[in-house]
Each structure stands twice: as C-alpha cells, then as structure tokens.
Amino acid sequence: MPDSRENKISCTNYQCEIELTLEILSGKWKALIIWNLHLHEVIRYNEFRRLITGITQKMLTQQLKELEKYGIVIRTVHSTIPPTVEYQLSDLGQELIPIMSAMDQWGKNYVKLYKKSQLEK
C-alpha cells in the first residue's frame with residue numbers, strides 16, 4: 001500500500017479502490033514496465049533501458065523498487081560477477097494483465113476514432 005495511506009485500507013479512505021489502484025500504478029513508466037514484463041516474462045535490468053526508450057536509470061530504479069514493494073514485480077539477484085538482476089511479474093502483477101490488455105485495446109480503438117474524425121474535418 002502506498003506509504004502515505006498505509007493505514008487507510010477501506011473504501012471510506014479512498015473514493016473507491018480504483019483510486020488505490022491508480023495510486024499504485026501512477027506515473028509515466030510503471031505501466032510500460034509491467035507491460036514489457038508481460039511481453040518478455042523475465043527482463044534483466046539493463047534490458048529495460050533498451051525496451052523503454054527515454055527512461056533514466058534513476059527513474060527505472062525508483063519505479064522498479066516501488067513495484068517490488070507493492071508486490072507487483074519479483075526481483076531476483078543471481079550471484080554472478082557482476083551480479084545479474086532479473087525482474088518478472090508476481091502473481092499479483094499477472095492479475096493486472098487483463099486490465100492492461102483492455103486498456104491497450106481501448107487506446108487502439110481511440111486512435112482509430114481520432115484519426116477517422118480528423119479525416120472527416
């Protein structure tokens with residue numbers, strides 16, 4: 001649960017649980033991190049920089065730490081030299097995929113409608 005609301009679990013402290021979900025997934029990068037983990041299953045830290053253009057190392061580290069803290073991703077450190085760090089979705093993170101797939105489809109439909117409306121002008 002987000003730090004600022006750790007003691008506020010019931011819906012009376014949020015407008016509804018959608019607000020909690022959005023708070024956990026908020027930010028420009030978390031959805032892209034989750035979606036890429038869905039597509040690739042396991043991703044090494046350095047691969048994220050290649051897959052998600054524009055994300056800084058600091059932001060990637062911060063977002064992954066938050067997602068790990070919330071139980072969305074699992075971080076595995078392999079004892080190699082140098083250490084290899086891999087990430088994958090937890091079972092809880094996997095539960096987000098149908099929601100994100102619906103969001104992906106909605107976005108694609110919106111783009112089609114927007115393009116169509118622009119052509120009709």
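A few notes on this one:
- For VAL73, residues with placed amide H under 5 Å, excluding near neighbours: GLU68, SER90
- Candidate cross-link partners of LYS121 among the lysines, defined by an alpha-carbon separation under 17 Å and a same-chain spacing of 8 or more, comprise LYS112.
- Straight-line reach from LYS30: taking Cα to Cα under 18 Å and skipping same-chain neighbours fewer than 8 places apart, the lysines in range are LYS58, LYS65, LYS69.
- Accessible-area order (highest first, 1.4 angstrom probe) of the listed residues LYS65, LYS30, LYS121: LYS121, LYS65, LYS30
- Net charge contributed by nearby residues that have their C-beta within less than 11 Å of THR76 (K/R +1, D/E -1): 0
- Each peptide among 16-27, 98-109 gets the average number of other Cβ atoms lying within 10 Å of its residues, and from highest to lowest they stand as 16-27, 98-109.
The values are calculated or read from the model by the stated rules, or taken from the named source; none is laboratory data. Keep in mind it's a predicted model, so treat the numbers as computed, not measured. Glycine gets a Cβ as well: all are built from the backbone with ideal geometry, and neighbour counts include every protein chain shown. Surface areas here come from the heavy atoms of the whole protein model, side chains and all, with no ligands, DNA or RNA. Shrake-Rupley method; radii C 1.70, N 1.55, O 1.52, S 1.80 Å.
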